[in-house]
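The values are calculated or read from the model by the stated rules, or taken from the named source; none is laboratory data. Note that the structure is predicted; figures quoted are calculated from it, not measured. All Cβ positions, glycine included, derive from the backbone under ideal geometry; neighbour counts span all protein chains shown. With ligands, DNA and RNA removed, areas are computed over all heavy atoms of the protein, side chains included. Shrake-Rupley method; radii C 1.70, N 1.55, O 1.52, S 1.80 Å.
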Amino acid sequence: MIETTFLALGLVLIVEGLVYALAPSLIDQLLVALRAMPIESRRLLGCLAIVLGLIMVWVAKTLGA
């Protein structure tokens, strides 16, 4: 279980790092767009991301990861 957690966190850090390294101006645009969104929309987006992440982890575990 702990190995899977480290694997997941490592993959998240790789993806986040790639975005910051390859497209830092895109991050600035994304932050401006997020600031323009109402709080409720940002909260909903966060909840949807959590649900999608849980589904992806469940599918990976089901497939034998």
Accessible area of the range 15-65 divided out per residue, in Å², using a probe of 1.4 angstrom: 86 Å²
The chain - percent of accessible surface contributed by carbon and sulfur, probe 1.4 Å: 79 percent
Neighbourhood net charge (12 Å Cβ-Cβ; Lys/Arg +1, Asp/Glu -1) for GLY10: -2
Gain upon complete extension [PHE6, LEU18; 0.36 nm per residue less C-alpha separation]: 2.5 nm
Top positive-direction residue, dipole computed over the chain with Cβ charges, set GLY17, CYS47, THR4: CYS47
Matching label, volume of the Cα convex hull per residue in Å³ computed from the structure shown, candidates (1) 93; (2) 124; (3) 108: (1)
Derived scalar couplings ³J(HN,Hα) [the range 38-44; Karplus, 6.51 cos²θ - 1.76 cosθ + 1.60; whole Hz; x for Gly, Pro]: x, 4, 4, 5, 5, 5, 4
